[in-house]
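Trainee: If you scroll down you'll find the structure; I have some questions about it.
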Amino acid sequence: MISSCIVQRNWIIAIAVTFFISLANAQVSDKISKITFGEVKGGEPLSIQVDLAKTVELEKIEIAYRQFGQREYKRMELPITSNAASGSIPATELASTFLEYYFILFDKQSGSEETYPLENPIEHPLTFTLPETQQENQYIVVLSPEDNERLKIEDAVISFSIQTTESSIDKPATKVYLNGSDVSGNAVISDDLFVISPPNIISAFKSGSNTIRVELFDNAGKSFSSYSWKFTTIGEGEAPESETPSAWVYTTSIQMETRHETIAKESTPFNRSAIASTGSYGNFSLIGRLYVTNEEKDNRQPQNRFFIGAESRWLKIGYGDSYPTFPELIMSGRRLRGLNSNLTLGFINVDLALGSIVRKIDGRAIRTFPLDSLNSVQNDAARPDQTGLFAPFDNTLWAEYRYGTYQRDVVALRTSFGSRERTHWGFSYFKAKDDVGSIKYGIKPEENLVVGSDLLLSFDNKNFEISGQGAFSVSNKDISGGTFTDTDIDSIFRAPNFDEDDRDRIRNIRDIVSKYITVNENIVPLSLENLPTLAYQGGLSLNYFNNSFKFLYLRNGNNFESFGQTFIRTDIVGYNIADRLRIIDNQVHITGGFERLEDNTAKTKAATTTTTTTNVSVSYYPSINFPNVTVGYLLASNTNGLTSTKPLYAIDDVTNRFLVQLGKEIRLGARHQVTLNFSTSAREDQTAKNLDTRQTTFGLSAVTSYAIPLQTIVNLTLNSSKFSTPLEVKTSYTTLYANAQYRMMEDKLRWSGSVSPTFGDVQRMLIDASTQYFFYKNFSAQARLSLYLNQKQSPLPDSYNDTIWSIILRADV
């Protein structure tokens, strides 16, 4: 019999190994120094933090991610605070064996994009192994003590019931553990009810936190499922939770930083401060955040950020900078400055977001000139900005202006009936509109309206779920002229193409629709044929017999648009099937999937591109002294059928990807966590363009924790790639990363240093050192120095050596 706790231990090792691997540079970058993922927990988002080596050049950073086996990436912005960008991957995207991802970095000056990794990130992305997380409790109904309850030892009666119709479960064989001690023999069993009284198990209790674990077995004596929860025992004079005197409990964190970046001989200073505070009083809590930086400029979107909010069991309300969460088709991943609130009244729930997602930035004069030169300037084919706007500058001069950015105000409202986490039916309304009067020099202000509905039917403790959502959008690409007048309609919709009945029909539509959005010739859709602005999806999820099965069908029209969700792909229809099977006492996990997608939903293209993706992966988490092993294979193809008829526009390619990861904990003089990664991809372009690609990555990492307060990380990474553009370009390089962290003076002083040379087509040396001293337990100062010695950075241009230093003061109260 293999205990589930052994398997869970291997999962924890896998998590830790992947976590530490992210500390090393698997790819060469002069902007990203470290990627850190949080712990994988069932049903919860996965946190990610990207530490930035250089911030002076970055305007923003986005992550593109997808489940292994899917073709399309989803994207979201990672807000930058100080020297790090962070966010969370939704729990719905964590069902596969691997999470595949890459980053898009936007240059502050030019707005140009750079990816990390630099070479072919779409076909050969970074990967993060997703271990199987503990399933939500399906069979145990806890009666007492409740999870996290505080009570006296003499009142700590352990009682629960087993609620299942599974004939394979041997209920009398159920094991109950209290703090690791088997107390099953003291249980009084009545049908499905188990009760254990304190007098019989008093020696197993601990003062403070206690853990109960219930393990179920099948008729063959094998572990079937387990569930754990915690409670706290209190001594004489202490009060249980319900009697705890009301009092404010608060925490505050303050951080101040000065930083200096010398990049390509150009120096930029940064001064930043951040304050985060939380306070709670019973079931009521307050939250406050403030971030101030000298990067705040009136020609950029907000760099200073703030938020203040209050929460209770039934109401959450806040004002400032936040990321409201609505159904995916409505609003997701956009920063809002304004009101963000949630009202939970049991059967009825209301979400409201109100504010702006784009700050106004007025246009500016590029150059001035006399009025009599206006025609020559406008017709000058050599002028740098052909989209410039011309307007009077003063009484004697005219000017060419660069267009500004309108303030974009939004309101998002969702009302749902039912449970937020289980069965519910929701209705959403989203409206975004550029404030035409917010700036003086702008062009083509826009407006967007989206209405939608979402449904979740959840049965059998979330083991059987049917979900769906749909949304319809209307956009106007230029509202500067306002809504049609009757004269406009008569002028635009003239005979012989339109008669008086057509014009009357247009007037009636205008009178109805203009109550919600500006109606003129720039509105989309102008036709409802093929429903170009309709998006919808439906899914089925089943969790039975150690299987996790998911099916999703989606269709996004080619003109669907929501200003609250700018990363959704349009013009796509298809389905995705995935299954994850756990066998051999939960030691082997087999994942497989198939996806088929098509574009040309409006039937306006010359050909339809069909994308199919097939994948399979196997993970082995042994209970014996053997490494964890994960192997994955993916086959993807794209074709539009034009290879023989129109070869210039033909798409016909096949991609093969193969991934292997091994991880093991070794105790040899110290505790070593060793991981080996190998991935290779080959894209065969079967058209006349012959744009083939090959890419291979090999990585070996060891994280060592010694008995003394020392931890080391050593990582070796080899990268090789070949591209046809159509000329063949080959790139290969090897990176060695070594890091050591040492604590001394009873953990008051911490030292850290790393060195990372890169050889081959990329040649550079990274040297990083930092020290942190704790004057008091909650007050510290940290100094850090990073040197980038750049010799050769193909395909990046050659650059100067770079120096970055910073001093950080931090206090936690």
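Trainee: Name, by its number, the condition in (1) at pLDDT 95 or above; (2) part of a strand (DSSP E or B) that does not hold for Val616.
Mentor: Answer for Val616: the failing condition is (1).
Per-residue answers, yes or no, for (1) among the hydroxyl-bearing types (Ser, Thr, Tyr); (2) buried (at least 17 other Cβ atoms within 10 Å of the Cβ):
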| position | (1), (2) |
| --- | --- |
| Ser332 | yes, yes |
| Asn340 | no, yes |
| Gly346 | no, no |
| Gly355 | no, yes |
| Val358 | no, yes |
| Ile361 | no, yes |
| Thr368 | yes, no |
| Leu374 | no, no |
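Trainee: Among the strands (runs of 3 or more DSSP E) contained in region 725-813, which hold 3 or more residues that are charged (D, E, K, R)? Walk me through it before giving the result.
Mentor: Details: elements: 728-744, 749-760, 762-776, 779-793, 802-812.
Qualifying strands (runs of 3 or more DSSP E): 728-744, 802-812.
Trainee: What number of residues in region 280-304 are open to solvent by 50 Å² or more (accessible area, probe 1.4 Å) and at pLDDT below 90?
Mentor: Residues of region 280-304 that are open to solvent by 50 Å² or more (accessible area, probe 1.4 Å), as a first pass: 281-284, 286, 289-290, 292, 294, 296-299, 301.
Now narrow it down to the ones that are at pLDDT below 90: 281-284, 297-299, 301.
The qualifying residues number 8.
Trainee: Taking interchain pairs and intrachain pairs at least six residues apart, which have beta carbon atoms under 7 angstrom, with the first residue in region 724-750 and farther than 26 Å from Ile713 by Cβ and open to solvent by less than 70 Å² (accessible area, probe 1.4 Å) and the second in a strand (DSSP E or B) and not charged (D, E, K, R)?
Mentor: Val729/Phe723
Trainee: Find all pairs meeting these conditions: Cβ atoms under 9 angstrom apart; at least six residues apart or on different chains; first residue within region 584-595 and closer than 11 Å to Val618 by Cβ and modelled with pLDDT under 90; second residue of a type in the set (Lys, Arg) and open to solvent by 20 Å² or more (accessible area, probe 1.4 Å).
Mentor: Val588/Arg582; His589/Arg582
Trainee: Pairs only if they're at least six apart or on different chains, beta carbon under 6 angstrom, first in region 466-487 and open to solvent by 70 Å² or more (accessible area, probe 1.4 Å), second charged (D, E, K, R) and at pLDDT 95 or above; list them, first residue then second.
Mentor: Lys477/Glu446
Trainee: If you don't mind, another one. With respect to the numbered conditions (1) more than 19 Å from Ala702 (Cβ to Cβ); (2) open to solvent by less than 30 Å² (accessible area, probe 1.4 Å); (3) within 30 Å of the chain's Cα centre (by Cα), which one is the sole condition not fulfilled by Ser754?
Mentor: Against the list (1) more than 19 Å from Ala702 (Cβ to Cβ); (2) open to solvent by less than 30 Å² (accessible area, probe 1.4 Å); (3) within 30 Å of the chain's Cα centre (by Cα), Ser754 comes up short only on (1).
Trainee: Just to verify a result, which residue in region 143-169, among those that are in a loop (DSSP other than H, G, I, E, B) and of a type in the set (Gly, Ala, Ser), is modelled with the highest pLDDT? Quick ask: steps written out before the conclusion?
Mentor: Restricting attention to region 143-169, the residues satisfying the condition of being in a loop (DSSP other than H, G, I, E, B) are 145-148, 156-157, 163-168.
Then drop every residue that is not of a type in the set (Gly, Ala, Ser), which leaves 156, 167-168.
Details: Ala156: 83, Ser167: 67, Ser168: 67.
Among residues in region 143-169 that are in a loop (DSSP other than H, G, I, E, B) and of a type in the set (Gly, Ala, Ser), the one modelled with the highest pLDDT is Ala156.
Trainee: May I ask you to verify whether Ala365 is in contact (Cβ under 8 Å) with a residue 24 or more places away in the chain, among the aliphatic types (A, V, I, L, M), under 19 Å from Gly338 (Cα atoms) and touching a Lys or Arg at 6+ places or on another chain (Cβ under 9 Å)? Reasoning before the result, please.
Mentor: Details: in contact (Cβ under 8 Å) with a residue 24 or more places away in the chain: yes; among the aliphatic types (A, V, I, L, M): yes; under 19 Å from Gly338 (Cα atoms): no; touching a Lys or Arg at 6+ places or on another chain (Cβ under 9 Å): yes.
Here the answer is no, as Ala365 does not meet what is asked.
Trainee: Any idea which residue in region 234-257 is farthest from Val813 (Cα to Cα), counting only those that are at pLDDT 80 or above and in contact with a Lys or Arg (Cβ under 8 Å, 6 or more places away or on another chain)?
Mentor: Glu257
Trainee: Next up: Can you find, within region 123-142, the residue that is most open to solvent (accessible area, probe 1.4 Å) among those that are closer than 20 Å to Val176 by Cα and modelled with pLDDT of 80 or more? Let's see the steps before the verdict.
Mentor: Filtering region 123-142 for residues closer than 20 Å to Val176 by Cα gives 134-142.
Keeping just the survivors that are modelled with pLDDT of 80 or more gives 140-142.
Working: Ile140: 15, Val141: 62, Val142: 46 Å².
Filtering region 123-142 for residues that are closer than 20 Å to Val176 by Cα and modelled with pLDDT of 80 or more, the one most open to solvent (accessible area, probe 1.4 Å) comes out as Val141.
Residue by residue, here is whether (1) assigned to a strand (DSSP E or B); (2) open to solvent by less than 40 Å² (accessible area, probe 1.4 Å); (3) closer than 25 Å to Tyr633 by Cα; (4) modelled with pLDDT of 75 or more holds:
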| position | (1), (2), (3), (4) |
| --- | --- |
| Asn10 | no, yes, yes, no |
| Val28 | no, yes, no, no |
| Lys34 | yes, no, no, yes |
| Val50 | yes, yes, no, yes |
| Glu62 | yes, yes, no, yes |
| Tyr65 | yes, yes, yes, yes |
| Thr92 | no, no, yes, yes |
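Trainee: List pairs: first residue in region 298-319 and in contact (Cβ under 8 Å) with a residue 40 or more places away in the chain and among the small types (Gly, Ala, Ser), second residue part of a loop (DSSP other than H, G, I, E, B) and surrounded by 15 or more Cβ atoms within 10 Å (Cβ to Cβ) anywhere in the structure, Cβ distance under 6 angstrom, at least six positions apart or on different chains.
Mentor: Pairs that qualify, where the first residue is in contact (Cβ under 8 Å) with a residue 40 or more places away in the chain and among the small types (Gly, Ala, Ser) and the partner is part of a loop (DSSP other than H, G, I, E, B) and surrounded by 15 or more Cβ atoms within 10 Å (Cβ to Cβ): there are none.
Trainee: Just one of the numbered conditions (1) among the aromatic types (Phe, Trp, Tyr); (2) closer than 30 Å to Asn476 by Cα; (3) modelled with pLDDT of 90 or more is not true of Phe567; which one?
Mentor: Unmet condition: (3).
Trainee: Right, something else. Of Val654, Val703, which residue is in a strand (DSSP E or B), on the phi < 0 side of the Ramachandran plot and in contact with a helix residue (DSSP H, G or I) (Cβ under 8 Å, 6 or more places away or on another chain)? Give the derivation first.
Mentor: Details: Val654 fails: in contact with a helix residue (DSSP H, G or I) (Cβ under 8 Å, 6 or more places away or on another chain).
Val703 is the lone residue from the list that is in a strand (DSSP E or B), on the phi < 0 side of the Ramachandran plot and in contact with a helix residue (DSSP H, G or I) (Cβ under 8 Å, 6 or more places away or on another chain).
Trainee: Can you find a residue in region 790-810 that is modelled with pLDDT of 90 or more, open to solvent by 60 Å² or more (accessible area, probe 1.4 Å), within 24 Å of Thr717 (Cα to Cα) and in contact with a strand residue (DSSP E or B) (Cβ under 6 Å, 6 or more places away or on another chain)?
Mentor: Let us first name the residues in region 790-810 that are modelled with pLDDT of 90 or more, namely 803-810.
After this cut, where a residue has to be open to solvent by 60 Å² or more (accessible area, probe 1.4 Å) as well, the list is 805, 807, 809-810.
When the remaining residues are screened for being within 24 Å of Thr717 (Cα to Cα), the result is none.
No - not one qualifying residue is present in region 790-810.
Trainee: Continuing with this model, one more query. So how many residues does region 622-659 have that are open to solvent by 40 Å² or more (accessible area, probe 1.4 Å), under 14 Å from Thr611 (Cα atoms) and aliphatic (A, V, I, L, M)?
Mentor: The qualifying residues number 2.
Trainee: Continuing with the same structure: For region 627-670, name all the residues that are at pLDDT 90 or above and of a type in the set (Ser, Thr, Tyr).
Mentor: If the condition is that a residue be at pLDDT 90 or above and of a type in the set (Ser, Thr, Tyr), then Thr630, Tyr633, Ser637, Thr639, Thr655 are the ones that fit.
The values are calculated or read from the model by the stated rules, or taken from the named source; none is laboratory data. In this text the structure is predicted, and so the values were computed from the model without any measurement. Don't worry about glycine lacking a Cβ; one is built from the backbone with ideal geometry, like all the others, and counts go over all protein chains shown. Ligands, DNA and RNA are stripped out before the accessible areas are found, and what is left, the full protein with its side chains, is counted by its heavy atoms. Shrake-Rupley method; radii C 1.70, N 1.55, O 1.52, S 1.80 Å.
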